[in-house]
Amino acid sequence: MDAQMIRSLVAIFLAAILTENYVLNKFLGICPFLGVSKKLDTAFGMSCAVTVVMVIATAVTWPLYTYILVPQGLEYLQTLVFILVIAALVQLLETALHKYMPPLYNSLGIYLPLITTNCAVLGVTMLVLEKGAADPSFGFVQSLVNAFGSGVGFLVAMLLFAGVRERLEDCDIPETFRGLPITLVAASLVAVSFLGFNGVVDRLAG
Amino acid sequence: MEMLTPIMIVGIIGLLAGVILAVASVVMAVPKDERAEALEAILPGANCGACGYSGCPGYAAAMAKGEAVPGLCSPGGADVAKKCGEILGSGDVEMERKAAFVRCMGSSDNTTEKMEYDGLESCTAASLLNGGTSSCRFGCLGLGDCLKVCDYGAIKICNGVAVIDEEKCVACGKCEKACPKGLIKLAPVKKMAVVRCSSCDKGRDTMQSCKVGCIGCMKCQKTCEAGAVTVANGLAAVDPEKCTGCGKCAEACPRKIITMCGVQ
């Protein structure tokens, strides 16, 4: 692995976190973003579970797509097959964690089943294939790094937003805005602020 | 033939996933704590939360791990506590049966209405309006918030004041939380004196607002030989631990607000 490769991987990683953030830029996975971001610790647990599932799901779906679906000309089956695989994978992961890592299972346990059909996870596995189609050098390793970066990006978005929401709790909000409305306004502002990262990664990794 | 390949591929992937999951669930099965299951079967299953855990399964798991002691389940009572003790091998568990008591006798004969209330049929709502309709600001409003939360049909509203049937009460504590005036308290069911008033007003004010309210005259405190009755803030209180159930305070009370419980 030469310096060029490492550099491109870092660029992919940073891009996945900042400029292509799945929550704040692609607006996928909004459900957990709004639902589980009330407290910092639950937001952290959920994000860790999402990151793990994203990486493992990509590790399975990428070869499946490249070596089984593409040679048969069955690219159109990707959504169906990916959902099937991800659901089974999450279930398997949950069983394995329960057996071998009970403390981790107890902290992630509630969130794992929720991720089964999370659109951010499906989005990561599917959108990475588009990148691979556009750029032939975007292979398996790059996809994994992208998945990991997307998970970390999800974590960053969740933690930032959980912090914002914890501060919102103390504010005197007009009655009409209380609850979900102010949460959505806050979410849009956080998303707008993430637009500021556009172009940053291209410059850094040149 | 053309459509057979996709069907086969999806089918095979699905089958594979199914087989892997089935194998995994057998290979990586986590043995459930047998004692927790047995304990859960004994608990009443009301999931009332009186024990302080999330529900009966939570309490059973905590007991099996040794984090909780048997005997916290008040709906189950002594029977359940004893059975749980047998499973856990901790021997007999003494459990005092408790019940909820309404500390107010301000029925419509004894108090007056200070206003006409035509709002929601809820004590909580009424108490927000200048403390409710009763002439006593501490008294029972009789709109039945406690009655609505009781799962055991132990509460009745008699003549504008809540009355709890000690036999039916399982001491789950829901009514205690529901009463906006904080009139309901749990106490052991035994032969002892209970002060049926919660008024902290001065004697003169209580005299005006209620015919039977405690005026803090101290007669009960002076009569009690066991030192179980104390008067503070213009209100008598009985310590269930010390009370011998002699009944002298009840006789001495000029307002007849102290009643004897557990006397058949």
Practice problem: Any chance you could count how many residues in the range B:6-38 are small (Gly, Ala, Ser), surrounded by fewer than 12 Cβ atoms within 10 Å (Cβ to Cβ) and more than 10 Å from chain A (Cβ to nearest Cβ)? | Solution: 2
Quiz item: Under the condition of being surrounded by fewer than 16 Cβ atoms within 10 Å (Cβ to Cβ) and among the charged types (D, E, K, R), which residue from the range B:127-155 is farthest from B:GLU116 (Cα to Cα)?
Solution: B:ASP151
Quiz item: Is it the case that some residue within the range A:130-141 is more than 28 Å from A:SER8 (Cβ to Cβ) and over 20 Å from the mean Cα position of the chain (by Cα)?
Solution: no
Quiz item: In the range B:228-264, how many residues are closer than 9 Å to B:MET192 by Cα and part of a strand (DSSP E or B)?
Solution: 4
Quiz item: Is it the case that the range A:87-109 has a residue that's assigned to a helix (DSSP H, G or I), touching a Ser or Thr at 6+ places or on another chain (Cβ under 7 Å) and among the aliphatic types (A, V, I, L, M)?
Solution: yes
Practice problem: Test A:TYR100 against the criterion of being of a type in the set (Ser, Thr, Tyr) and either modelled with pLDDT of 85 or more or surrounded by 16 or more Cβ atoms within 10 Å (Cβ to Cβ) (or both), and give yes or no. | Solution: no
Quiz prompt | Some residue of the range B:191-206 being aliphatic (A, V, I, L, M) and within 30 Å of B:LEU43 (Cβ to Cβ) | solution = yes
Quiz item: Considering A:VAL90, A:VAL50, A:VAL10, which residue is surrounded by 20 or more Cβ atoms within 10 Å (Cβ to Cβ), over 30 Å from B:THR5 (Cβ atoms) and not hydroxyl-bearing (Ser, Thr, Tyr)?
Solution: A:VAL50
Quiz prompt | Subset of the range A:110-133 (residues that are away from every other protein chain (no Cβ under 14 Å) and not in a helix (DSSP H, G or I)) | solution = A:TYR111, A:THR117, A:ASN118
Quiz item: Pick from the range B:174-197 the residues that are small (Gly, Ala, Ser) and surrounded by fewer than 22 Cβ atoms within 10 Å (Cβ to Cβ): which of them is farthest from the chain's Cα centre (by Cα)?
Solution: B:GLY182
Quiz prompt | Failed item in (1) in contact (Cβ under 8 Å) with a residue 60 or more places away in the chain; (2) exposed (fewer than 14 other Cβ atoms within 10 Å of the Cβ), with A:TYR111 passing the rest | solution = (2)
Exercise. Could you check A:VAL85 against (1) more than 16 Å from the chain's Cα centre (by Cα); (2) surrounded by fewer than 17 Cβ atoms within 10 Å (Cβ to Cβ) and say which number it fails?
Key: (2)
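Residue-by-condition table, conditions (1) on the phi > 0 side of the Ramachandran plot; (2) touching a Gly at 6+ places or on another chain (Cβ under 6 Å); (3) surrounded by 10 or more Cβ atoms within 10 Å (Cβ to Cβ); (4) among the hydrophobic types (A, V, I, L, M, F, W, C):
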{"position": "A:ALA147", "(1), (2), (3), (4)": "no, no, yes, yes"}
{"position": "A:LEU159", "(1), (2), (3), (4)": "no, no, yes, yes"}
{"position": "A:ALA162", "(1), (2), (3), (4)": "no, no, yes, yes"}
{"position": "A:ARG165", "(1), (2), (3), (4)": "no, no, yes, no"}
{"position": "A:GLY179", "(1), (2), (3), (4)": "yes, no, yes, no"}
{"position": "A:ALA186", "(1), (2), (3), (4)": "no, no, yes, yes"}
{"position": "A:LEU195", "(1), (2), (3), (4)": "no, no, yes, yes"}
Quiz item: Residues of the range A:134-165 being among the polar types (S, T, N, Q) and assigned to a helix (DSSP H, G or I), which ones?
Solution: A:GLN142, A:SER143, A:ASN146, A:SER150
Quiz item: For the range A:59-83, which residues satisfy the criterion of being hydrophobic (A, V, I, L, M, F, W, C), without any contact (Cβ under 8 Å) to a residue 60 or more places away in the chain and either more than 8 Å from every other protein chain (Cβ to nearest Cβ) or under 18 Å from A:VAL141 (Cα atoms) (or both)?
Solution: A:VAL60, A:LEU64, A:VAL70, A:PHE82, A:ILE83
Quiz item: Looking at the range B:145-188, what strands (runs of 3 or more DSSP E) fall wholly within it and have at least 3 residues that are within 18 Å of B:GLY106 (Cα to Cα) and among the charged types (D, E, K, R)?
Solution: none
Practice problem: Give the range A:89-108 a look and list any residue that's more than 18 Å from the chain's Cα centre (by Cα) and more than 7 Å from chain B (Cβ to nearest Cβ), or say none. | Solution: A:GLU94, A:LEU97, A:TYR100, A:MET101, A:PRO102, A:PRO103, A:LEU104, A:TYR105, A:ASN106, A:SER107
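The values are calculated or read from the model by the stated rules, or taken from the named source; none is laboratory data. These numbers come from a predicted model, not from an experiment. Counting neighbours? That spans all protein chains shown, and the Cβs are built from the backbone with ideal geometry, glycine included.
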